[in-house]
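Notes to accompany the following structure.
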Amino acid sequence: MSQTTASAAGSSSGSERTLWQRLSHDRNFLGLLFMIPAAAILLMFLAYPLFKGVWLSFTDAKIGRDGVWIGLENYEWLWDDKIFWLSVFNTLVYTIVASIFKFAIGLYLALLLNEKLPFKALIRSIVLIPFVVPTVLSAIAFWWIFDSQFSIISWTLKNMGLINENINFLGDPNNARASLIFANIWRGVPFIAITLLAGLQTVSPSLYEAATLDGATRWQNFRFITFPLLTPIIAVVMTFSVLFTFTDFQLIWAMTRGGPVNATHLMATLGYQRAIMAGNLGEGSAIATAMVPFLLVAIMVSWFGLQRRKWQQGGRDD
Amino acid sequence: MTDTTAKNGLSDESEGMSYLDGGFRKVVTVYLPLALIMVVLIFPFYWMVPTSIKPEDQLIDMDRYNPFFVVGPTLKHITKLLFESNYPQWLWNTMYVSVIATFLSLIASVFAAYALVRIRFRGAEMVGAAIFLAYLVPPSILFIPLATIIQWYGLFDSPIALILVYPTILIPFSTWLLMGYFKTIPYELEECALIDGATRFQILVKIILPLAVPGLISASIFSLTLCWNEFIYALTFLSSSENKTVPVAIVSEFVDGDIYRWGSLMAGALVGSLPLVILYSFFVEHYVSAMTGAVKE
């Protein structure tokens, strides 16, 4: 290293420096140079498709055929499409119900894990397993657990004498929705619990001690210390959770493929079915693009709604 | 992050107020609900194990055999999977795509994170925000236009398509994680090296990277998991059986009308999850810090 610098200094002989040497001390040039690999990939495979998707939704492109501009026709078509509105309804139900449960159970689990426990590290690593097992593979396991004939849940309930018939988990529209939401909650709780736990661990125990001395109950401790200090993390975690629940595809595709009779189609699965399986790229893109406003609203609600609390509590405003 | 673990250690050491709640009360309010939640969380994964080693007649006869017990376990499903199907090929594809995509995005992220945190070129903050926004763009709204782009590049049904597309998920995440790590490295170290005539590249490789090894491990473990888990792109871009990744192959190749399919399905799911679970068990701490670190930033 010292050798190269010495020779470089020798060749440039004082004030005359080559273009490369000048550039290599220029912040903007260096920054640009270092950003190239990441920027190239993100621009080519993320930003460009994002715009191309919107463009495709205004065309009648099919697989293997470039489309021509047809304006809002795809959207008009979708507006009158009952299945599309059913998928919007399903997506909203799926997102809202699953997010509420994930948040409640996740927070509860985080609070439990924050107690003084034996084998805490082991328990925490077991809790994370649903997050580590690939979603599709656990969805397959759920498919088996929710099987119409050989479900272990039906078997157990039958042997306990609670039901007489097997439960038709994935064959009945409402049961299928509930089963998928359950699987989604199962998959999402560990992430929320472990991230909130990390937030809980930064709360100084002396705050609770002081509050308890002042006569605060457990609930007051939680309501006036834990929760306010946790809101910034809750905001971020729930934004991510809502986002990924809303755009979920894997669980549904592996377990029901949108059935029975489209009862569990989310916008993502319907988009896949229309665009890739039926080949109507334009229409599929219109469904995908229709998700964007919902996503923006969801992000705004969970982000700003909780963010506001942050400065209200006098937290750091960054 | 180090700050968190320090505090965590501290609060674990000190007894604090925990003497207030002991005995029976704690069993009901803490251990019981915790045990219940853990059983539910672990059950589907556990359930793959007995199913994948059960002889076929026991799988579908739940009146004669209690489904919770396995009488005369068999490795038939697993050997069938490993020697009579394309499963090893799928496993190899998944591994190969994941490792290369992770490696590529790690390199891109290291440079990007360093530029954003330490070179601080004009507009660095805006680029940083843009990368965070990129994290919020879900694959579900990108796969259709990407399919046309992949087709246009002639990469359809090729693992290279996945290797190029997966980094769009990994780079935003890894860059944010690594930015957090780089920020904790004292700037003085860099100044010394600059005075000694080191270039930015030398500083990055010889000073920053060795100090950020935990961050690099966290980012790669987490990225590997994300790749392994990825489904919608792999489902859309791959069509021939021998190119598929495990998640796609399980859903499309194993699902026939056969009533006996459950044994091999569960064996496939189990074998496909085990590499990740084993990797995870060695790097739990890194994994957790990856998960919480990217969110906390």
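Where a number appears in this text, it was derived from the coordinates with a stated rule and is not lab data. Source: prediction; values computed, not measured. Here Cβ is always computed from backbone atoms with ideal geometry, including for glycine, and neighbour counts include all displayed protein chains.
General observations
- Dimensionless Rg over Rh [the range B:81-296; C-alpha; Kirkwood]: 1.05
- Measuring against 27 Å, Cα to Cα, the residue pairs A:Lys62/B:Lys244; A:Lys62/A:Lys82; A:Lys102/B:Lys26; A:Lys120/B:Lys26; A:Lys158/B:Lys54; A:Lys62/A:Lys102 contain A:Lys62/A:Lys102 as the ones spanning a longer distance.
- For A:Lys62, the residues 5 or more places off, or on other chains, whose built amide H falls under 5 Å of its own are A:Gly67, A:Leu281.
- A:Ala178/B:Val213 FRET efficiency (R0 45 Å; Cβ-Cβ; nearest 0.05): 0.50
- Listed peptides B:132-138, B:191-197, B:173-179 by packing density, highest first (mean Cβ within 10 Å): B:173-179, B:132-138, B:191-197
- Pairwise FRET efficiency - B:Leu194 versus B:Glu253, Cβ, R0 = 51 Å, nearest 0.05: 0.35
- With Cα atoms, 0 to 90° folded angle of helix B:284-296 axis to chain B main axis: 60 degrees
- The Rg/Rh ratio for chain A, using Cα coordinates for both the radius of gyration and the Kirkwood hydrodynamic radius, is 1.11.
- Within a Gaussian network of chain B (alpha carbon springs, distance under 10 Å), most fluctuating of B:Leu146, B:Leu106, B:Leu32: B:Leu32
- Where a label projected 7 Å from the Cα of B:Ser239 along Cα→Cβ would reach, residues of the range B:155-175 with amide N under 19 Å: B:155-163
- Averaged over the residues of B:30-37, the number of partner chain Cβ atoms lying within 10 Å of the residue Cβ comes to 4.
- Among A:222-235, A:267-280, A:152-165, the order from most to least packed when residues are scored by Cβ within 10 Å on average: A:267-280, A:222-235, A:152-165
- Entry note: the protein assembly as shown has Rg to Rh equal to 0.99, where both radii use alpha-carbon atoms and Rh is the Kirkwood radius.
- For chain A, the 222 nm mean residue ellipticity estimated from helices alone, with every DSSP H stretch of n ≥ 4 adding -39500 (n - 2.57) and the total spread over all residues, rounds to -21500 deg cm²/dmol.
- Only helices enter this figure: runs of n ≥ 4 DSSP H residues, each worth -39500 (n - 2.57), summed and divided by the residues of chain B, yield -21500 deg cm²/dmol at 222 nm to the nearest 500.
- Stretching B:Phe201 away from B:Arg64 to a fully extended chain increases their span by 42.4 nm, per 0.36 nm per residue minus the current alpha-carbon distance.
- Placed amide H near B:Thr245: partners under 5 Å, 5+ positions off or other chain: none
- Note on A:53-64: average number of Cβ atoms from other chains within 10 Å of each residue's Cβ is 2.
- Couplings for the range B:90-96, taken from phi via the Karplus curve 6.51 cos²θ - 1.76 cosθ + 1.60 with θ = phi - 60°, read 5, 4, 4, 4, 4, 5, 5 Hz in order; Gly and Pro are left as x.
- Inter-chain Cβ neighbour average for residues A:236-249, partner chain, 10 Å: 3
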